[in-house]
Amino acid sequence: MDLISSLALGFSVALDPINILYCFIGVLLGTLVGVLPGIGPTATIAMLLPITFSLQAETALIMLAGIYYGAQYGGSTTAILINLPGESSAAVTAIDGYQMARKGRAGPALAAAAIGSFFAGSVATLLLAFFAPPLARAALNFGAPEYFSLIVLGLLVSIALAHGSILKALGMIVLGLLLGMVGQDIYTGTPRFTFGVRELFGGLNFVAVAVGVFGVAEILRNLENEKEREVGVTEVKNLWLTRDDIKRVIAPILRGTVIGSVLGVLPGGGHILSAFASYSAEKRLSRTPQEFGHGAIEGVAGPESANNAAAQTSFIPLMTLGIPAHPVMALMIGAFILQGITPGPNVINEQPALFWGIIASMWVGNFLLVVLNLPLVGLWVKMLSIPYRVLFPAIVLFACIGTFSINQNIFDIYAIAFFGILGYLLIRFGCEPAPLLLGFVLGPLLEEHLRRAMIISRGDPMIFLHRPISATLLGLALLAVIVAVLPSIRKKRTEVFVEDD
Amino acid sequence: MKTFVKILAAGLVAGSALSAVAVMAQDYPTQPVTIVVPFSAGGPTDTVTRLVAAAMSEDLGQQVVVQNVGGAGGTLGAGQVAAANPDGYTLLLHHIGMSTAPALYASLPYDPMTDFAPIGLVTEVPMTIVARKDFEPATLEDLIAYIKEKGEDITYANAGIGAASQLCGLLFMDALGTKMTEVPYQGTGPAMTDLLGGQIDMMCDQTTNTTSQIQAGEIKAYAVTTPDRIAVLPELPTLAEGGLDNFNLSVWHGLYAPAGTDQAIIDRLSQSLQKALADENVGNSFAELGTYPVPADQATPAALKQKLEGQIALWAEVIKAAGVSAQ
Amino acid sequence: MALNASRNDLASGAIFVALGGYFALEAMRYEFGTPFRMGPGFMPVVLGGILVALGVAVAAKGTGKPDTEAPAPWPWRGLVLVLGTILFFAATIRGLGFIPVVLISGLATALSSSRNSLLSSLVISVGLCVLCMLIFVIGLGLLVPWIGPWLRF
């Protein structure tokens, strides 16, 4: 079937009034759960699965998909407003988004996030429509050695996340990697660093760690000098992007879309890297890198675009091969099965209306999201005028209840307190929390892929160089290090000359 | 007296939907029933549970809610139900892992035999021996000869300690008397991805995960692990046909209540489970998954108890012989 | 005491050394493995060692360069009340139930700001309790008793 008639079929499904309605319900719910920390799309989709029994297969899946990408959209809101990221991608948005909000520029930050998300989501959906099967095939060439090299590249490039001491940033990354190793070792079943607590066998919960080192630590910071100054936002400067802002966000949005689309296709954890990778790229390419970490709008627009592009393209392995890229996609598989459709390579041929209907609905959904979210910007910004002394108890409670609701695991809440104090101390002593979170999400992947690659190669480390994709990625990593080190060497030399004079 | 106080207390907190109201078993259920799935949402066990839960809600006239309590190979969720109030409002739907946990975990905080009241078997999912598309052996006989020849040169994927795919591999290698190189994954999804990409050689997994890939010709299938051929993949021989007599493995799922639950409630639930399994919708959805509901005489407390007992003994031996432990 | 070093660098270096040391030493007890089959101890031992080295480097870099800014005062009241509240929430949510725990937690956290009086804290906690009930229990169907088993005799 040619693409035009396929898309026509898709739109005839997606533009059915019932489906538009459920698409709207999906993205609305997604936005709401994305805004609340803790309760994420996984929990929401799981809870709504039984309700979708009674719906048509297309309608049900359109709604569930809407929840997922709607949540990606909403996730940035709390990260920007109150420094409380609910997912790994939103953690990156929090770095500069929250600083913008503190300077009274929450409006432009939210608007940039919404526009970037809309653009990236639409373009990535186009990719999904045109190239899904070949992209999925290409992604299968990524085995353990390739993922390992990709993660090494990601870690080395992301040192740019730091705006202070590089040594401290490295330390935070390594600490994050180590924290990611808490829990049962998947290769031998050995419980590591669990103190014999069975609840820790599954590892530390990301939301608990993120809420601790970002949200709670920030509250403690703000309580330091409470007597002398009013915390929070003093004045709201403007709600909408200025002409200068628009000029600054165009390129980051384009680059973020490319980075996110490519990484999102990889089922073994590529999407996790997308927001971090985009942030690093923007900081590297910026003419004013010193602004990053202090409210650079590029640092919001780029990662937000990347993470939404990745959210759409991560449907590619699911829809064309029937393999899930992450827990939400696993749930979507469950939803397919409950509807009597076995997800797999045959869906595109056997259920064309469903396949193209879901794709077309993503444009509809992204459009609905932007219509829904732009007017909300004003409302969210108003929320910041709530005095901080009222706001922060709410943040603490939302964090606790939200985290508890994920797995009903009280150890996740203890973890918030632990990471709150640890994060507070480290931030107080000049270390930044974002690299720690990056290490935390990548740590288990790094170890898993390294060990698997070594098993497959029978202990021969040359496997990383013999495989062309892996070797290329490692070459890029080496290049990144050289590029990072060269300027400082050159600078030292000029300094030496200056002193000689 | 105590009951009286409880009713009084319940009156005091009127309006709270989840307060423990002491009711007589005949009235059961008077509030939503929770089935705990000890795995994350979206997996095969979760899907099976949600299908059954939906059908049971209709029969019980109360909502049956599925709650995912994942972690520690299913022992967290099971432990939570073992410690729950035996009032019939917290149940557990667990698979074969219920019988392997005692052998895998030295310090299990519950005993599968004494801390639970079995309600009934739910389904037995067959497993399939599969390999990457371009794997050399053509038939089951070829495969067995090939494995005996190459041994550890063959990479065999599993979904981690105690996963059904690992158990199947252990039993298979045990039957052949050879070892392959085991490559653990975080769940069957990533393992299937690498099998599709030809990164690894072989895997043994439930039909729930493999059927669509086999039918699409994306992976090669050699055999099913059940004593009889299965309806969705009729061309696949059984392992017994390949000369591995007595090879019988399926991922069985059972429904349990905490020990001490009123017998009348257990009977009511067992009856409701049988009705759910007879439901045409459930049957069709199960068929989509490559499995089938157990017959009514298996969805009983006695049948599940017998199954559990036999399997605990079997796995204790196999797991000990393989030297596997999750501590 | 005139310390000729950056307190911040020394302190963060110390945290790195302590945590890296813990991870590395604890991981020594796990199997190290071979390059073919790396054991569970391999990565933590290596990374723990790197973290210790980075901690030493951070501290070394800070010697001779005292901090220019005076350290901010410690928010003792906040530390005790905010962290205490979170621990209290974790310990009692199952036992006491949603309403009492959220009321008490809201009150305690609000009090950790010296800008809140007792009255305003009470108002905040009641308001938050209603809001959280609406969002999480009614809206999202969180499975938690409103009044927990400890309060039911």
- Item | Antiparallel bridges, percent of DSSP beta bridges restricted to the protein assembly as shown (to nearest 5) | 65
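Count the net charge of all other residues whose Cβ sits under 14 Å from the Cβ of B:Thr45, scoring Lys and Arg as +1 and Asp and Glu as -1.
Cβ neighbours under 14 Å give a net charge of -2.
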- What are the residues whose amide H is under 5 Å from the amide H of A:Asn141, where those residues sit 5 or more places off or on another chain and H is modelled from the backbone? none
- Item | With all protein chains modelled, accessible area of A:His449 [1.4 Å, Å²] | 10
- Accessible surface of the protein assembly as shown, 1.4 Å probe, proportion on carbon and sulfur as whole %: 63
- Once label points are set 7 Å from the Cα along Cα→Cβ at both C:Arg77 and B:Lys150, what is their separation, rounded to one decimal in nm? 7.1
- Message: Placing unit charges on C-beta atoms (Lys and Arg positive, Asp and Glu negative, everything else neutral), compute the dipole magnitude of region B:169-327 about its Cα centre in debye, rounded to 20.
- Response: 260
- Only Cα pairs under 8 Å and at least 6 apart count here; give the relative contact order of chain A as a rounded whole percent. 30
- Query: If you build a Gaussian network model of chain B, linking Cα atoms that sit under 10 Å apart, which residue out of B:Ser99, B:Ser57, B:Ser250 swings the most?
  - Reply: B:Ser57
- Task: For region A:114-128, take each phi angle, set θ = phi - 60°, evaluate the Karplus expression 6.51 cos²θ - 1.76 cosθ + 1.60, and give the result in whole Hz per residue in order, putting x for glycine and proline.
- Result: 5, 5, x, 4, 4, 4, 4, x, 5, 5, 5, 5, 4, 4, 4
- Item | Gap separating the Cα centres of region A:334-390 and region C:40-102, nearest whole Å | 37
- Query: B:Asn246 to C:Leu25: FRET efficiency via 1/(1 + (r/R0)^6), r the Cβ-Cβ distance, R0 51 Å, to the nearest 0.05?
  - Reply: 0.60
- Query: If you take the charge dipole of the protein assembly as shown about its Cα centre, with +1 on Lys and Arg Cβ and -1 on Asp and Glu Cβ, which of B:Ser270, A:Leu204, A:Phe398 is farthest toward its positive end?
  - Reply: A:Phe398
- Cα-projected label distance for A:Met462 with B:Ser107, points at 7 Å along beta-carbon direction, nm: 4.6
- Query: With the Cα gyration tensor of chain A giving a ≥ b ≥ c as the square roots of its eigenvalues, does the rule (a/c under 1.5 for rounded; else a/b larger than b/c for prolate; else oblate) give rounded, prolate or oblate?
  - Reply: rounded
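If you rank A:Trp363, C:Trp76 by how much accessible surface each has, with a 1.4 Å probe, what is the order from largest down?
Most to least solvent-accessible, the answer reads C:Trp76, A:Trp363.
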- Probe 1.4 Å, all protein chains present, accessible-area order of A:Tyr414, A:Tyr73, largest first: A:Tyr414, A:Tyr73
- Could you work out, residue by residue across B:194-207, how many beta carbons of other chains sit within 10 Å of that residue's beta carbon, and then give the average as an integer? 4
- Message: When 1/r is averaged over all different Cα pairs and the result inverted, which Kirkwood radius in Å belongs to the protein assembly as shown?
- Response: 29.2
- Over region C:10-51, what relative contact order in percent results from Cα pairs under 8 Å that are six or more residues apart? 44
- Task: Under 1.5 on a/c is rounded, so check that first for chain B, then, if it is not, pick prolate when a/b is larger than b/c and oblate when it is not; a ≥ b ≥ c are the square roots of the alpha carbon gyration tensor eigenvalues.
- Result: prolate
- Helix by helix, which DSSP H runs in chain B go 27 Å or more along their axis at the Cα atoms and have an average Kyte-Doolittle hydropathy of 0.0 or more? B:301-322
- Nearest-0.05 FRET efficiency for A:Ala251 and C:Lys65, computed from C-beta distance (R0 41 Å): 0.65
- For A:Glu298, B:Glu152, B:Glu136, give the ranking by accessible area with the largest first, probe 1.4 Å. B:Glu136, B:Glu152, A:Glu298
- Message: With +1 on the Cβ of every Lys and Arg and -1 on the Cβ of every Asp and Glu, and nothing else charged, how large is the dipole of chain C about its Cα centre, in debye rounded to the nearest 20?
- Response: 220
- Message: Let's see if you can work this out: charge +1 on each Lys and Arg Cβ, -1 on each Asp and Glu Cβ, no other charges. What is the dipole magnitude of the protein assembly as shown about its Cα centre, in debye to the nearest 20?
- Response: 2960
- Item | Dipole of chain A [Lys/Arg +1, Asp/Glu -1 at C-beta], most positive-end residue of A:Ala434, A:Leu223, A:Thr288 | A:Thr288
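Between C:Leu119 and A:Thr242, what's the calculated FRET efficiency when r is the beta-carbon distance and R0 is 45 Å? Round to 0.05.
0.60
So for region B:146-304, Kirkwood radius off the Cα pairs, Stokes-Einstein at 10 °C and 1.306 mPa s: how many µm² s⁻¹? Walk me through the numbers on the way to the answer.
On the way: Rh = 17.6 Å.
Translational D for this selection: 90 µm²/s.
For chains C and A, what's the summed buried accessible area, probe 1.4 Å, to the nearest 100 square angstrom? Walk me through the intermediate numbers first.
Numbers: alone 10910 and 21600 Å², together 26330 Å².
In total, this chain pair buries about 6200 Å².
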- Message: Once you keep just the Cα pairs under 8 angstrom separated by 6 or more residues, what percentage relative contact order results for region B:75-234?
- Response: 30
- Task: Answer rounded, prolate or oblate for region A:232-366, using the Cα gyration tensor with square roots of eigenvalues a ≥ b ≥ c: rounded when a/c is under 1.5, else prolate when a/b is larger than b/c, else oblate.
- Result: prolate
- Query: Using alpha carbon centroids, what distance separates region A:271-312 and region A:123-141, in Å?
  - Reply: 23
- Would you kindly find the accessible area of A:Leu153, with a 1.4 Å probe and non-protein molecules such as ligands, DNA and RNA excluded, rounding to the nearest 10 Å²? 30
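The values are calculated or read from the model by the stated rules, or taken from the named source; none is laboratory data. The structure displayed is predicted, hence computed values, not measured ones. Every residue, glycine as well, gets a Cβ built from its backbone with ideal geometry; the counts of neighbours run over all protein chains shown. Side chains included, ligands, DNA and RNA excluded: accessible areas come from the protein's heavy atoms. Shrake-Rupley method; radii C 1.70, N 1.55, O 1.52, S 1.80 Å.
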